[in-house]
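Peer 1: Before anything else, here's the structure in question.
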Amino acid sequence: MKKFSNYLVVALVAFMATSIQAQKINFDRDLENFRYPDQRGINVFESPKDTTSTFDGVNVRVGGAFALQFQAISNENANLAGYEIKSAGDNFNLATANMDLDVELYDGLRLHLRTYLSSRHHNEPYVKGGYLLIDKLDFVSEGFLGDLMKYTTIKVGHMENNYGDAHFRRSDNAQALYNPFVGNLIMDAFTTEVGAEVYYRREGFIGMLGFTNGKLNQSVEENAQGKSGGASFLAKLGYDKQINNDLRLRLTGSLYNTGYVPNSYLYSADRAGARYYGLMQDATASGDDFRASRYNPALSNKITAVMINPFVKYGGLEFFGTIEMAKGKAAAEAEERTVNQYAGELIYRFGNNENIYVGGRYNLVDAEDVSGEDVTIDRIQFAAGWFMTKNILVKAEYVIQNYNDFGANSILNEGKFDGAMLEAVISF
């Protein structure tokens, strides 16, 4: 995999060098129906839909992101039955980096590809995923199904699935500029699967249906039951409207449902890892549990998840909420379990073009754990940030996370971590 990734980067560099001669290549020009990777992309969810075209040939946009944190967080547990955890000191974390290629291939036809150049779990480059975004079918014939495509978008690829709205505000490895905080949610819904999503947006209403093969790691190999894959179903319904110059309202409900899948990774697919490094980990472990500090409910064989997200922005004050219920089981379990998550963020943006903000988030997970225990995890985050330019964000966070009702045989028994983080993000 490492050798392949190195070859891939060399190929991409060669491709970009060739493109300078053959196509338009740029680092700054805006593309159509594109979420900007800078401050202008804040509070943007699905890519915008606009059928007005300025297409005049293949155009390649090269972008990327870089993020670095200084961490000063301590962690503890009850240390029963020899479950000692590693101590965490004050220092810098591994810097992370992304590279993005966005290509206008034809009028209404755009490609996106993201590569993690460095991440917590992989210090070598590897592709996160990519997709084709279709806003027009003019490549079939000019004006083909134009009345329908005026409101319709088709998205196809091995890509980040559009379950819920929280994933639009989370840090995606080095792309942490959209996230007003440093950490993502405790139960971090994020996965990349091969599939397609169809959107219909009109007068503020949003509808989406999608299907995937339900697999994070792609393979044609059959299992003992003679199956090489499965299927996941996605749906979203909502309303998003700028009511007046000051008030914007958005409310969406999303569904992620599996039929048969060999292994669902909805809450464990992020190979970039948790933002809080080296916490709540076994002191005897030789490696890094890169997902530690998050909670994976281990609903790996069957899952139905629903997420509701309200978003209100009035002037510089904004609220974003998450209400989530997931039900399912692991392969070895006979009975299904239920996990609930609640989160609320209150952010106030002010200054020149709202380039400064302060805010807080409360996050709670209430779960029927795979251990058979009913457990809760709660977190409070306080944050402040400053956009030095539209491409550079510095932010600070103080976080407190508590693990409740985990049994004496769990390393998380009476677990807690708290402390401060500083993060600098460059995105272009």
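The values are calculated or read from the model by the stated rules, or taken from the named source; none is laboratory data. All values reported here derive from a predicted model rather than from experimental measurement. As a convention, Cβ positions derive from the backbone with ideal geometry for all residues, glycine included, and neighbour counts pool all protein chains shown. Just the protein is used for accessible areas: all its heavy atoms, side chains included, with ligands, DNA and RNA removed. Shrake-Rupley method; radii C 1.70, N 1.55, O 1.52, S 1.80 Å.
Peer 1: Quick one: angle between helix 2-22 and the longest Cα principal axis of the chain, in degrees between 0 and 90, rounded to 10, please.
Peer 2: The angle comes out at about 20 degrees.
Peer 1: Given a 1.4 Å probe, how much area per residue of segment 45-198 is accessible, in Å²? It would help to have the intermediate numbers written out before the result.
Peer 2: Values: 5570 Å² over 154 residues.
Solvent-accessible surface per residue comes out at 36 Å².
Peer 1: Of A383, G108, N244, which is farthest along the charge dipole of the chain in the positive direction, counting Lys and Arg as +1 and Asp and Glu as -1 at C-beta?
Peer 2: Ranked along the dipole, the leading option is G108.
Peer 1: Sticking with this one: Report the per residue volume, in Å³, of the convex hull enclosing the C-alpha atoms of segment 225-362. Please report the intermediate quantities before stating the final value.
Peer 2: On the way: hull volume 22.8 nm³, N = 138.
Normalising the Cα hull of segment 225-362 by residue number yields 165 Å³.
Peer 1: Now for a different question. Percent of accessible area on the chain owned by carbon and sulfur, 1.4 Å probe? Don't jump to the answer; show the numbers that get you there.
Peer 2: Values: 11030 of 18770 Å².
Solvent-exposed carbon and sulfur of the chain make up 59 percent of the total.
Peer 1: So if I place +1 on the C-beta of Lys and Arg and -1 on the C-beta of Asp and Glu, and nothing else carries charge, what would the dipole magnitude of the chain be about its Cα centre? I want it in debye, nearest 20. Could you put the intermediate results ahead of the total?
Peer 2: Numbers: 41 positive and 52 negative charges, 158 e Å.
Once rounded to the nearest 20, the dipole reads 760 debye.
Peer 1: Next question, about the same structure. Which one is right for this structure if mean projected area of the Cα convex hull in nm² is calculated from it: (i) 21.5; (ii) 26.4; (iii) 19.3?
Peer 2: Identified label for the calculated read-out: (i).
Peer 1: Give, as a single signed number, the net charge of other residues whose beta carbon lies under 11 Å from the beta carbon of Y151, with Lys and Arg counted +1 and Asp and Glu -1. Show your work: numbers first, answer last.
Peer 2: On the way: positive: K49, K150, R201, R202; negative: D135, D147, E203.
Within the 11 Å Cβ shell, the charges total +1.
Peer 1: Same structure, new question: Quick one: net charge around S87, please, counting Lys, Arg +1 and Asp, Glu -1 for every other residue with C-beta under 13 Å from its C-beta.
Peer 2: Details: positive: K86; negative: E76, E84, D90, D282.
Combined, the nearby Lys, Arg, Asp and Glu give -3.
Peer 1: Could you give the size of the charge dipole of segment 376-428 about its Cα centre, using +1 on the Cβ of each K and R and -1 on the Cβ of each D and E, expressed in debye and rounded to the nearest 20?
Peer 2: Numbers: 4 positive and 6 negative charges, 60 e Å.
For segment 376-428, the charge dipole is close to 280 debye.
Peer 1: From the residues A189, Q341, S171, which one has its Cα farthest along the dipole of the chain in the positive direction, the dipole being from +1 and -1 charges on Cβ of Lys/Arg and Asp/Glu about the Cα centre?
Peer 2: The one lying farthest along the dipole's positive direction is S171.
Peer 1: Additional query: Given Cβ point charges of +1 (Lys, Arg) and -1 (Asp, Glu) and nothing else, what value in debye, to the nearest 20, does the dipole of segment 228-358 about its Cα centre take? Walk me through the intermediate numbers first.
Peer 2: Working: 14 positive and 13 negative charges, 65 e Å.
Magnitude of the dipole: close to 320 debye.
Peer 1: Now, a different point. Find the relative contact order for segment 321-406 and round it to a whole percent, using C-alpha pairs within less than 8 Å whose residues are 6+ positions apart. Numbers along the way, then the final one.
Peer 2: Values: 175 pairs, mean separation 18.2, N = 86.
Across segment 321-406, relative contact order equals 21 percent.
Peer 1: Applying a 10 Å radius around every beta-carbon, put 75-84, 249-258 in order of their mean neighbour count, most first. Walk me through the numbers on the way to the answer.
Peer 2: Numbers: 75-84: 14.7, 249-258: 19.4.
With the highest mean Cβ count within 10 Å placed first, the list reads 249-258, 75-84.
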